[in-house]
1. Residue check: is residue 411 hydroxyl-bearing (Ser, Thr, Tyr), under 30 Å from residue 219 (Cβ atoms) and either at pLDDT 85 or above or open to solvent by less than 70 Å² (accessible area, probe 1.4 Å) (or both)?
2. Which residue pairs have Cβ atoms closer than 7 Å, lie 6 or more positions apart in sequence or on different chains, and pair a first residue in the range 101-113 that is at positive phi and of a type outside the set (Val, Ile, Thr) with a second residue that is open to solvent by 20 Å² or more (accessible area, probe 1.4 Å) and modelled with pLDDT under 90?
3. Specify the residue that is least open to solvent (accessible area, probe 1.4 Å); the eligible residues are those in the range 226-262 that are aromatic (Phe, Trp, Tyr) and in contact with a strand residue (DSSP E or B) (Cβ under 6 Å, 6 or more places away or on another chain).
4. Among the residues that make up the range 310-330, is at least one of them in contact with a Cys (Cβ under 7 Å, 6 or more places away or on another chain), assigned to a helix (DSSP H, G or I) and of a type in the set (A, V, I, L, M)?
5. For the range 451-461, state whether one or more residues are modelled with pLDDT of 85 or more, of a type in the set (S, T, N, Q) and under 22 Å from residue 193 (Cα atoms).
6. Give the residues of the range 463-512 that are at positive phi and either over 25 Å from the mean Cα position of the chain (by Cα) or aromatic (Phe, Trp, Tyr) (or both), sorted by residue number.
7. Working only within the range 563-589, note down all residues that are part of a loop (DSSP other than H, G, I, E, B) and at pLDDT 70 or above.
Amino acid sequence: MRNLLRLCPLLLALALLFGAEPAFAGKRVALVLANSAYQHAPSLTNPVNDGSVIAKTLKDAGFDIVDSRHDLSALETRRVLRDFADATRDADIAVVYYAGHGIEVEGSNYLIPVDARLERDTDVYDEALSLDRVLVAVEPAKQLRLVILDACRDNPFGKTMKRSVASRGIGRGLAQVEPTSPNTLIAYSAKAGFTAQDGDGANSPFTVALSKHLTTPGLDVRRAFGFVRDDVLKSTGNKQEPFVYGSLGGDDVPLVPVKVAAAASPVANPQADIRRDYELALQVGNRAAWDAFLAQHPDGFYSSLAKLQLEKIGAEQAHAAAIEKAKQAEAERDRLAAVGAQKDAQIMAAADAKAAEQAQLAAQKAKEQAQQQAAAAEQQRVNLAAAAPSAAPASTASPAGTNVASLTPATTPADLSRSVQTELGRVGCFSGQADGNWNTSSQRSLSQFNRYAGTKLDVKVASTDALDTVKSKPSRVCPLVCEHGFKADGDKCTRIVCGDGYALNDDNECEKKRAGKPTASKPATSRRDDSEDRPARQRPQIGAAGGLGGLGGDAAGIATGARRASGGGQVFCTNGGCRPVNRGCHLEYRGGGGPGNDANAEVCN
């Protein structure tokens with residue numbers, strides 16, 4: 001307690017809240033609710049099985065009261081919650097576990113009993129039970145109020161209910177909550193806004209992990225949920241991430257205390273007080289707490305860890321400031337463009353916006369690096385504490401790591417890269433093998449995701465921001481690109497087969513084959529329109545009064561043209577008919593024309 005009193009007032013308040021020694025569980029009560037047999041929606045397979053497993057787990061852990069109910073109506077559920085609230089009045093720890101359907105309407109969460117119809121959005125107020133009603137039931141507990149919801153399923157009611165107000169939102173999964181009562185934790189089987197999986201077995205992945213870790217003797221409940229999170233992520237291929245909302249104080253709060261065989265004499269450990277101060281500062285997590293810790297412990301292993309935590313906080317604040325500056329620069333650029341400012345001013349504003357964007361990317365990279373280093377160092381501390389809780393750390397090294405939630409075992413950069421690659425493959429942007437190697441192909445895949453999703457993620461590193469953003473996309477983002485001769489069929493490319501008489505063209509479409517055109521021979525000589533091939537009714541008629549149909553000058557022109565042609569291909573016409581001009585001869589215009597007097601004469605040399 002001596003070192004705790006030297007820390008900041010907030011740390012002191014946390015220490016006084018629970019005392020200096022680890023909390024020992026007194027009376028513990030639990031209520032298990034499981035709904036499978038829905039009357040107006042498809043039945044669920046796992047909830048009743050899950051409820052049975054959790055009820056047995058809590059009974060085996062020595063809970064004083066474990067009330068297990070399943071397939072309750074709305075009225076029955078209200079009565080059970082009322083009776084359970086009476087049982088929590090003298091309890092130190094109260095736990096409610098619910099498995100079944102849940103729904104989020106306008107930011108509030110509701111548990112759905114088996115007799116609910118929910119034909120319209122306003123029916124939730126009458127036929128469902130709000131999460132606040134459950135919190136009221138556990139509120140009298142003195143030390144820990146824990147609500148566990150395995151209700152983040154894909155809800156059929158949300159798809160069919162009518163909306164009385166078009167703008168009323170009905171969310172996917174459950175909405176994020178911030179408990180107002182102290183010492184309250186609310187655990188979701190999946191992060192707010194996401195749905196959970198029932199799994200392939202008799203129990204959901206979330207329930208399997210809960211039964212494994214939640215009642216480990218002496219294990220702090222927050223670390224227990226950290227192990228649950230890791231198991232669920234692993235078993236679902238990083239598609240489902242449990243999440244815990246709320247906060248506790250600095251002391252460990254296990255659901256099951258460690259049994260002490262006999263009282264032993266305490267062994268002096270100079271690192272024990274420093275470790276406890278560090279863990280309290282880690283729980284508070286702000287700059288003031290770390291500054292207070294370093295003021296009391298300026299050197300050593302834990303001071304190195306504290307400095308990394310300060311660097312992480314500074315990098316996060318710098319990143320937030322860079323984002324705000326980039327937004328302001330973009331807004332100023334757009335404003336100048338809208339008002340038609342001078343070109344020089346617009347160019348300068350565009351340059352400022354570009355520089356702010358580059359600074360934002362650099363700050364994001366620095367933030368991620370600081371988060372990775374702090375998380376890896378924290379993991380090293382956790383590993384050392386697990387291996388030898390009373391031993392003093394021998395190393396002050398801070399290896400590189402990756403960003404994870406505090407008090408949760410860290411993952412390696414390769415694991416993070418592999419997770420991002422897996423998610424990019426799910427949305428159709430990555431076709432390679434998820435091997436954890438963040439190479440050029442992976443960067444190109446994330447860049448393609450940015451293009452089609454409208455995001456600006458840093459492609460140079462695999463970050464937790466990238467993982468969360470890609471995981472938020474429920475379906476394909478990047479289009480399926482097929483080679484020539486293939487077409488997209490769902491998520492695969494299939495060969496295009498054309499019918500008989502059709503062929504595939506350059507546009508990947510089947511078109512009718514064209515028949516071959518016969519080759520036409522070119523005529524040896526050209527012919528005039530007044531040749532023998534021309535119909536007789538189109539030939540020039542010889543009039544009685546003069547020349548070719550009385551054409552006069554036109555007839556002279558014909559004769560002149562005939563002379564230029566030097567005979568070849570000319571036709572000589574008289575009253576008796578027409579014939580070709582003899583070889584070596586040509587026509588000459590003699591004038592006149594009429595009976596017995598031809599206008600053209602054949603002249604042979």
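The values are calculated or read from the model by the stated rules, or taken from the named source; none is laboratory data. Bear in mind that the values here come from a model prediction, so they are computed numbers and not experimental data. Counting neighbours? That spans all protein chains shown, and the Cβs are built from the backbone with ideal geometry, glycine included. Heads up: the accessible areas ignore ligands, DNA and RNA and are worked out on the full protein's heavy atoms, side chains in. Shrake-Rupley method; radii C 1.70, N 1.55, O 1.52, S 1.80 Å.
1. yes
2. Here the result reads 106/168; 106/169, each pair linking the range 101-113 to a residue that is open to solvent by 20 Å² or more (accessible area, probe 1.4 Å) and modelled with pLDDT under 90.
3. Our first condition is that a residue be aromatic (Phe, Trp, Tyr); within the range 226-262, this holds for 227, 243, 245.
With the extra rule that they be in contact with a strand residue (DSSP E or B) (Cβ under 6 Å, 6 or more places away or on another chain), the set shrinks to 243, 245.
Numbers: 243: 71, 245: 12 Å².
Step by step, filter the range 226-262, then rank; the result is 245.
4. First, pick out the residues of the range 310-330 that are in contact with a Cys (Cβ under 7 Å, 6 or more places away or on another chain): none.
Within the range 310-330, none of the residues are in contact with a Cys (Cβ under 7 Å, 6 or more places away or on another chain), assigned to a helix (DSSP H, G or I) and of a type in the set (A, V, I, L, M).
5. Checked the range 451-461: at least one residue is modelled with pLDDT of 85 or more, of a type in the set (S, T, N, Q) and under 22 Å from residue 193 (Cα atoms).
6. 485, 501, 508
7. Residues of the range 563-589 part of a loop (DSSP other than H, G, I, E, B): 565-570, 575-576, 581-584.
Selection gives 570, 576, 581, 582, 583, 584.
Condition check ((1) over 15 Å from residue 365 (Cα atoms); (2) not polar (S, T, N, Q)) across all residues:
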| residue | (1), (2) |
| --- | --- |
| 287 | yes, yes |
| 291 | yes, yes |
| 304 | yes, no |
| 311 | no, yes |
| 321 | no, yes |
| 325 | yes, yes |
